[in-house]
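Working notes for the structure below.
Read-outs: derived from the displayed coordinates by stated rules, not from any lab. What you are looking at is a predicted structure, and each value in this text was computed from that prediction instead of being measured. Quick reminder, even Gly has a Cβ in these numbers, built from the backbone with ideal geometry, and neighbours come from all protein chains shown.
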Amino acid sequence: MTTLLKIANVSKEYKMDGVVFQALDNVSLSIKEGEFVAIMGPSGSGKSTLMHIIGCLDRPTSGKVYIEEHDIFTANDAELAEIRNTHIGFVFQQFNLLRKTSALSNVELPLVYAKVTPKERKERARAMLTEVGLSEKMGNFPSQLSGGQQQRVAIARALVTKPSIILADEPTGNLDSKSGRDIMNIFQNLHDKGSTIVLVTHDEDVAHHAKRIVRIADGKIIADGKPPKRT
């Protein structure tokens, strides 16, 4: 399998009030095409920093990060924006939908930035919303949708650019248990169809949908392997 993401000896430091805080400490990680990986850790462990670096939202202080052939450490801001828009599909805990825009237009948005024609944008957005079970809700605004439906719109938006990696940050954190299970079933189906998924979570039940769990604490990876069988 092709290696889509490679992180080699990455460290990240922040300075706060003159004090240096080590968020990541010499982290190395590779993710292959088609993997479903959960990154777990308590608050302050470094998992959010790692997610931001994987998502090209932040740069490491040292080390190397490659998404396919792209060197994230040396890329300029314009190149990082292009990589984010074409290679990574983001799903956030807060949904991050435009409130005064329909579900269809929300899903179209990444394709606007990618300069896809209006006709193709609508076709692809409709197909993605149908795939996540919202064929009857395309004209609805976020306020007219439940939390679970809003997260489905966010997943459709993440998928519409056909990204190499789907990066999900606590995707069930704002949902009730049933909606959370429904969303995880969508991720499971996407994985079964070959999507590469990196899921950041603190929830053991959510993490056990993945085929591999990477545990991080104090800025270091402390475990990396298959989830234990549940009894």
For the stretch 75-87, 3J(HN,Hα) per residue [Karplus equation, 6.51 cos²θ - 1.76 cosθ + 1.60, θ = phi - 60°, Hz, x = Gly/Pro]: 5, 7, 4, 5, 5, 5, 4, 5, 5, 4, 6, 9, 10
Net +/- balance of residues flanking His191 in space, Cβ distance below 9 Å, scoring K and R +1, D and E -1: 0
Tilt relative to the chain, helix 118-131 - C-alpha long axis, 0 to 90 degrees, to 10: 80
HN-Hα J in Hz across the stretch 25-36 - Karplus 6.51, -1.76, 1.60, θ = phi - 60°, x for Gly and Pro: 10, 6, 8, 10, 7, 10, 10, 9, 4, x, 7, 10
GluC sites (Glu not before Pro) within the stretch 119-200: DSSP coil, no more than 10 neighbouring Cβ in 10 Å: Glu136
Between helix 177-192 and the chain: long-axis angle, C-alpha atoms, 0 to 90°, nearest 10: 80
DSSP-defined antiparallel bridges as percent of all bridges, the stretch 156-231, nearest 5: 55
Net +/- balance of residues flanking Ala210 in space, Cβ distance below 10 Å, scoring K and R +1, D and E -1: +2
Relative contact order [Cα under 8 Å, 6+ residues apart], the stretch 12-147, whole percent: 16
Loop-located trypsin sites (Lys or Arg not before Pro) in the stretch 126-218 whose Cβ has at most 13 other Cβ within 10 Å (DSSP): Lys193
Antiparallel bridges, percent of DSSP beta bridges restricted to the chain (to nearest 5): 55
Fewest-first sequence of Val198, Val116, Val19 by Cβ atoms within 10 Å of each Cβ: Val19, Val116, Val198
Partners for Lys229 among aspartates and glutamates (Cα-Cα distance below 15 Å; same-chain residues under 8 apart left out): Glu204, Asp205
Helix-only CD estimate at 222 nm, as mean residue ellipticity for the chain, using -39500 (n - 2.57) per DSSP H run (n ≥ 4): -10000 deg cm²/dmol
Residue among Gln94, Gln188, Gln22 with the largest mean-square fluctuation in a Gaussian network model of the chain, springs linking Cα atoms under 10 Å: Gln22
